[in-house]
1. Condition (residue is in a loop (DSSP other than H, G, I, E, B), within 14 Å of another protein chain (Cβ to nearest Cβ) and surrounded by 15 or more Cβ atoms within 10 Å (Cβ to Cβ)) applied to the range B:418-440: is it met by at least one residue?
2. Show the residue pairs that are 6+ apart or on different chains and have beta-carbon atoms under 7 Å apart, the first residue being within the range A:231-249 and at the interface with chain B (Cβ under 7 Å from one of its Cβ atoms), the second being modelled with pLDDT of 90 or more and open to solvent by 40 Å² or more (accessible area, probe 1.4 Å).
3. Does B:Trp359 meet the test of being more than 30 Å from B:Tyr300 (Cβ to Cβ) and among the aromatic types (Phe, Trp, Tyr)?
4. Any idea which of (1) in contact with an Asp or Glu (Cβ under 8 Å, 6 or more places away or on another chain); (2) more than 21 Å from B:Ile446 (Cα to Cα); (3) assigned to a helix (DSSP H, G or I) is the one B:Arg125 doesn't satisfy?
5. Looking only at the range A:62-119, filter to residues that are assigned to a loop (DSSP other than H, G, I, E, B) and either open to solvent by 90 Å² or more (accessible area, probe 1.4 Å) or among the β-branched types (Val, Ile, Thr) (or both); which one of those is nearest to A:Lys47 (Cα to Cα)?
6. If B:Arg403 satisfies every condition in (1) assigned to a helix (DSSP H, G or I); (2) within 14 Å of chain A (Cβ to nearest Cβ); (3) open to solvent by less than 20 Å² (accessible area, probe 1.4 Å); (4) in contact (Cβ under 8 Å) with a residue 60 or more places away in the chain but one, which is the exception?
7. A:Leu164: touching a Cys at 6+ places or on another chain (Cβ under 7 Å), part of a helix (DSSP H, G or I), more than 10 Å from chain B (Cβ to nearest Cβ) and surrounded by 15 or more Cβ atoms within 10 Å (Cβ to Cβ), yes or no?
Amino acid sequence: MLKNKTASIRTGMDERVFDILNILFLSFLGLFFLYPIVYVFSASLSKPLYVATGSVIFFPKGISLDSFFAAAKLPLLWRSYANTIFYTAAGTIVNMILTCSGAYVLSKSELKGRSFWVLVVVVTMWFDPGIIPRYLNFRDLHLLNTYSSVIIGFGVNTFNLIILKTFFESIPGSLEESARIDGANQWQILRKIYLPLSTPALVTVALFYAVSRWNGYFWMMMLVTDDKKAPLQVLLKKLIVQKEIPLEGVKILDLSTRYSQDTIIYAVIVISIIPVLIVYPIVQRFFKNGIMLGAVKG
Amino acid sequence: MKKGYRIMLLVAVTFALLFVGCKGKKPEVSAEKPLITIHMVVNGMVFDENWDVFKLSAEKNNVTLKSVASKNDTDKTQAYNLMVASQNLPDIISYTTSDLELLGIEGGVIPLNDLIEKYAPNIKRFITEHPRLAKDMYALDGKIYVLPCYYDYENMRIAEVIMIRSDWLKKFNLPVPRTLPEMEKTLTTLLNGDPNGNGRKDEVGIFARGNPYDAMRRVLAIFGARQYEGAASFFVDNGKISYAPFDPTFRRAVETAARWYTKGLIDKELFTRGNSARDQLLSTNLGVMTSDWPGSTLSYNQLSSAIPGFELEAIPPLEDGNGNILSKLPVRNTHDEMGWSISSKAKDPVTVIKFMDWWFSEEGRRAWNFGIEGKHYTMVNGKPEFTDFVMKNPDKGPLDVLRAAGAQCSAIGVHQDVNYEYAWIPEATKRAYKMYSTPGYLEDCIPFLKYPVEEKNEFNKIMVTINQTTDEYVQKWMLGALDVNKSWDAYVKRVKGQEIDRALEIQQKAYERFLSSK
């Protein structure tokens, strides 16, 4: 929006050419990213024979909802769905609580040895312990196969913590001083001054967390051994692994075939992305304001 | 102020709930029956103690089985590595025989020799009755660490055969092609003649399923290239071990395949169709010819109800024109490289070996091969015959029905019975098996070889690189990105640089050890 205004002020020729090229390029890029989603939707609605032979290119062919009915009958689909919602909701709440408190403390210049503590936190962005040591750590904490392993074990993402810390640092110190004069304690300052002033940053970070929770599967797969506790993405991964193993099973596809392994997988993908597609545009309003935070102050 | 506490309370409650809600429940185990824990991931499924056949085995052996592998990780390599790294070893570990043997040498699984001697009469009998199979059981140190999942090797070695749409041959009055020029003529006629009659030139000549490299191997085998993957990419030539791609037949095969690929006689999408190539091309009445397992592939003849006249039939391997067999189709080895072992953490190995022994008994072997009497098979004249539940299941093919019951789960120590195959395969497959039993049609593959640990590691390291090089070159040759003749020397030089000679040396020693062992 801002860009248009400046453009109308200095209607430079090259500026306009740049804009047009920019729009063309970005639209192309947009289509590029949109196409897989469209394809998945179309494939989930098409007859398996058409999907297998590659005749579904853009629009669904031989439209039917059979793949969805078949997907709905998968054992544990709804249970996994509920788990995903739980992991996302509980996980994001825990993430936000831990990240806000962490960022708040680290943003305070009066914190003793602050640069040391920041370094300790930031180091984790460069050095990863690796899969096995991390797994052993969870095992020793007796957190294997628990909901809390994933929710608390992945409570803080350092990158998000830094974003929030940077944002908190940009809030004028005078606001805090005046609150302190009025007798506010740290908790009240965080709640009444910092949090309300950082809504865009909070929403951005919460969205980052929620999306990664929603899409996350690797550590759930590693740490949660009971399929009743697994989220949808783990179920999906299992379906895909099963498909990739060359078994001697015979799958005859003809026009009367109502669903296949492929179309069921597509249907499960659709089922799993619908909520994200609904929530994203709503949150995007905040997101647009928040996205520049890291960039400016990084 | 109040609000603040409320939020803090909420936080506290959330955390408390998280911890409380997650206390794992201990499984209830009946006191009298011994518990056997099993780690097994097979065919993309995690072992389930409720599979019919395993329920039967538990009942017969008076034990309780419990699967300990994560129900959420169906990648067998990942699951195995995590289990070994975490040192949470169950009583029984099921995995690839070579890795279990290695684990045995490191002390993770125990040698079974004494246990078999004392407590496993059926395994003992198996060892005396099938010396060739038993030979592959022993590690280099003479110990048995793994009980492999044996094929019925003495009775069936055929793995893949060449199959063609015989109804199309008849339609164009073409004889069964026996040599490369005949095959070329046949395919050209078919591809230009619109055999499916839809007015479009959309038929696909030679196709194969699998990841790009497997599909390539399948096609090249028709043209006379031996398998070229890992330890299996060697063959014995007058007692000397050679690397398959260095054999002149291999080079000729690649040359022909590359030429045919350019001409459009080989599926243009060979490298991208994946595992469903067969489903796609047969179901749509497009594919002409493939090389694959005949049991499942010839089951596609059921398509004749949807595609009038559909008939897929095995044809003999191609000849080189001088009466010698040209095609080098893959065959079965003694076992399928999976098996199970008793871990060093097993508290009661005697119970476990007795349980393992049951699978080698007549009762256990039949259950593993045929499933549950009454449900999956019935005895007719002393022979098991599959029921309609297996043969006419509306949801799955026969093999998948059996696998869902834990039968034919190829990751335990057991001996397959080829009669199980004869009980479900279509008539066309029986004809194929008969045809391919002709002496000389198939060449035996190199036996499983055993190596000292350092040599094995060295060999694996070398072969990983060489595999990659060969796969890359073959793909480039096929796609026409490189000319076979111009780049052959460069290829050989590169493989030599990757120490193929050292790999050959290790293989040769291992092969001589194999021959001299009893």
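The values are calculated or read from the model by the stated rules, or taken from the named source; none is laboratory data. As the structure is a computational prediction, the values presented were derived from the model and not from experiment. FYI the Cβ positions are ideal-geometry reconstructions off the backbone, even for glycines, and counts take in every protein chain you see. Calculation scope for accessible area: heavy atoms of the full protein, side chains included, ligands and nucleic acids excluded. Shrake-Rupley method; radii C 1.70, N 1.55, O 1.52, S 1.80 Å.
1. Yes, that holds for at least one residue.
2. A:Glu248/B:Trp293
3. yes
4. If we test B:Arg125 against (1) in contact with an Asp or Glu (Cβ under 8 Å, 6 or more places away or on another chain); (2) more than 21 Å from B:Ile446 (Cα to Cα); (3) assigned to a helix (DSSP H, G or I), just (1) comes out false.
5. It comes out as A:Ile63.
6. (3)
7. Against the criterion (touching a Cys at 6+ places or on another chain (Cβ under 7 Å), part of a helix (DSSP H, G or I), more than 10 Å from chain B (Cβ to nearest Cβ) and surrounded by 15 or more Cβ atoms within 10 Å (Cβ to Cβ)), A:Leu164 qualifies.
Let's see how each residue does on (1) over 25 Å from B:Ser283 (Cβ atoms); (2) facing chain B (nearest Cβ under 7 Å); (3) in contact with a strand residue (DSSP E or B) (Cβ under 9 Å, 6 or more places away or on another chain):
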residue: A:Trp214; (1), (2), (3): yes, no, no
residue: A:Trp219; (1), (2), (3): yes, no, no
residue: A:Asp227; (1), (2), (3): yes, yes, yes
residue: A:Tyr266; (1), (2), (3): no, no, no
